[in-house]
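One structure is given here, and the rest of the page talks about it.
Here, each number is a calculation from the coordinates, and none is a lab measurement. All of these numbers come straight from a predicted model, not from anything done at the bench. Please note: Cβ atoms are built from the backbone with ideal geometry, for glycine as well, and neighbour counts cover all protein chains shown.
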Amino acid sequence: MADYDVIVIGGGPGGYVCAIRCAQLGLKTACVEGRESLGGTCLNVGCIPSKALLHATHELHEAEHNFAKMGLKGKSPSVDWKQMLTYKQEVIDGNTKGIEFLFKKNKIDWIKGWGSIPEAGKVKVGDDVHNAKSIVIATGSEPSSLPGIEIDEKTVVTSTGALSLNKIPKSMVVIGAGVIGLEMGSVYARLGADVTVVEYLDAITPGMDGEVSKNFQKILTKQGLKFVMGAAVQSVDVKNGKATVNYQLRKDESNASIEAETVLVATGRKPYTDGLGLEGVGVEMLPRGQVKTDAHWQTTAKGIYAIGDAVTGPMLAHKAEDEGMAVAEVIAGKHGHVNYEVIPSVIYTSPEVASVGQTEEALKQDGRAYKVGKFSFMGNGRAKAVFQSDGFVKLIADKETDRILGCHIIGPGAGDLIHEICVAMEFGASAQDVALTCHAHPTFSEAVREAALACGDGAIHA
Ligand code: FAD
């Protein structure tokens with residue numbers, strides 16, 4: 001039992017970042033985490049392990065498809081799945097231990113166990129009750145499923161099960177063509193599984209720029225992923241370790257089914273606030289299960305704040321981190337701010353897909369006049385040299401003022417390239433500002449500059 005200035009409940013990217021910033025600002029801080037390791041969904045069963053598997057399988061793809069072209073001949077590597085999972089676990093451990101180190105360095109107490117809030121200013125973990133002037137709820141999210149589907153994490157899995165399958169399945173059905181489904185689908189397709197993605201809508205990755213989404217689907221199809229679009233999954237039956245996914249096509253209401261060794265249910269995530277006792281302390285919830293907060297992440301109960309996947313907004317680690325830092329500043333009496341207009345989102349497939357700001361579709365709906373500068377990676381020397389000339393950069397700027405409104409990239413290194421535009425948008429830059437900035441040659445970044453040039457007098461290499 002101890003007295004703290006701040007207790008953060010949840011040690012994911014929202015919670016641990018918040019705890020570190022609170023400690024840096026001189027507040028006596030503890031973080032409650034029930035998992036065996038810090039880092040939350042992101043480090044344990046999310047961003048980091050999925051990127052490890054994406055990396056390993058991307059390298060495999062390079063060896064199988066591109067090495068010989070570069071004169072690197074010889075046997076392609078064979079897959080040792082057990083070792084790949086060990087590598088993935090080592091990556092997780094390295095990262096989660098890193099957070100433990102940062103907690104020690106910043107003198108943050110990790111209170112191990114599941115926390116609840118019995119009354120304002122108190123956090124209960126096991127039999128201990130700790131006092132806190134401020135409490136931050138950073139309890140994250142959990143996978144959501146569909147009615148008619150029973151998850152067993154063996155044959156019918158969520159992303160968590162998909163990161164640790166016993167063996168590489170021969171066939172996989174992915175329900176849901178969102179980021180997680182397509183990333184994990186790519187991993188198993190590269191490992192030789194026959195992957196079919198079943199999606200309710202008519203386009204993959206809802207909310208993404210339409211042109212990018214179409215192009216992305218074409219590229220994934222070329223890579224061997226199959227798509228069943230406009231299909232409402234009704235149920236999944238499991239018999240003798242084999243699954244049958246039953247769906248109805250929306251266009252004509254016809255019924256069909258596909259069999260698979262493994263079914264990945266990737267239909268989204270929902271906020272996780274179970275067991276916190278929020279109703280008892282006057283913390284109001286929104287209809288979709290998020291904790292209700294004001295513009296300063298304060299819930300409806302004084303001294304209790306909430307951030308990350310547990311509140312509204314995109315369910316992304318960096319959004320949670322930014323809120324974690326900002327709410328720490330607010331608690332310390334400073335000015336915390338998150339610019340929700342400039343939160344990038346990235347899909348780590350190959351090629352990567354990244355976007356920030358407005359899409360053309362949204363601008364059309366708002367009736368705002370805009371212009372588009374586009375540049376294909378076909379015109380980028382570096383991309384051609386590394387067999388990654390699929391895709392393009394699309395920059396959107398205000399028609400009159402030239403101020404950048406959004407950017408959508410599909411192509412090599414898109415997840416890193418997007419940040420040039422994030423910074424530009426933070427500074428209120430125009431497309432011409434980017435176009436006039438000298439970019440090193442030969443880099444993928446030149447494609448961003450060319451797209452900015454295309455917003456004005458024209459790209460050079462188009
Ligand atoms: P979480 O990371 O979910 O952490 C919450 C923590 O709180 C958990 O560790 C939980 O154990 C703990 N907790 C909950 N209740 C209690 C309690 N009562 N007491 C104590 N502890 C509690 N995002 C990206 O930005 N980039 C990506 O590439 C990406 N890839 C992803 C891949 C997958 C497969 C998945 C599933 C997610 C991915 N995400 C990605 C999303 C990202 O993981 C989340 O947005 C992020 O983890 C949210 O952070 P958080 O701190 O809000 O919650």
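In table form, for the structure just shown:
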quantity	calculated
In the stretch 354-421, trypsin sites (Lys or Arg not before Pro) in a DSSP loop with at most 15 other beta-carbon atoms within 10 Å	Arg368, Lys399
Dipole magnitude of the stretch 1-135, debye to nearest 20 (Cβ charges: Lys/Arg +1, Asp/Glu -1, about Cα centre)	320
Sorted peptide list for 30-36, 218-224, criterion being average Cβ within 10 angstrom, highest first	30-36, 218-224
Loop-located chymotrypsin sites (Phe, Trp or Tyr not before Pro) in the stretch 55-107, at most 16 other Cβ atoms within 10 Å (DSSP)	Phe67
Percent of C-alpha pairs per 5 Å bin, the stretch 1-67, short to long	4, 17, 17, 15, 12, 9, 8, 7, 5, 4, 2, 1
Mean projected area (nm²) of the alpha-carbon convex hull when the chain is viewed from all directions	24.5
Cα-centre dipole for the chain with unit charges at Cβ (Lys and Arg positive, Asp and Glu negative), debye to 20	780
Above-threshold pairs, the threshold being 23 Å between Cα atoms, out of Lys28/Lys302; Lys97/Lys133; Lys214/Lys364; Lys88/Lys226; Lys214/Lys319	Lys97/Lys133; Lys88/Lys226; Lys214/Lys319
Gyration tensor verdict on the stretch 1-154 (Cα atoms; rounded if a/c is under 1.5, prolate if a/b is larger than b/c, oblate otherwise)	prolate
For the stretch 325-382, with +1 on Lys and Arg beta carbons and -1 on Asp and Glu, the positive-most of His337, Thr359, Asn380 along the dipole	Asn380
The chain: relative contact order as a whole-number percent, Cα under 8 Å and 6+ apart	15
The stretch 67-167 shape via C-alpha gyration tensor axes, a/c threshold 1.5	oblate
Along each principal axis, Cα extent of the stretch 368-462, largest first, Å	37, 23, 23
Loop-located GluC sites (Glu not before Pro) in the stretch 253-339, at most 10 other Cβ atoms within 10 Å (DSSP)	Glu253
Options Gly303, Ala440, Ile99, ranked by Cα towards positive dipole end of the chain, top entry (Cβ charges)	Ala440
Beta bridge orientation in the chain: antiparallel %, DSSP, nearest 5	60
Three-way shape call for the stretch 341-404 based on the alpha-carbon gyration tensor, with the a/c threshold at 1.5	prolate
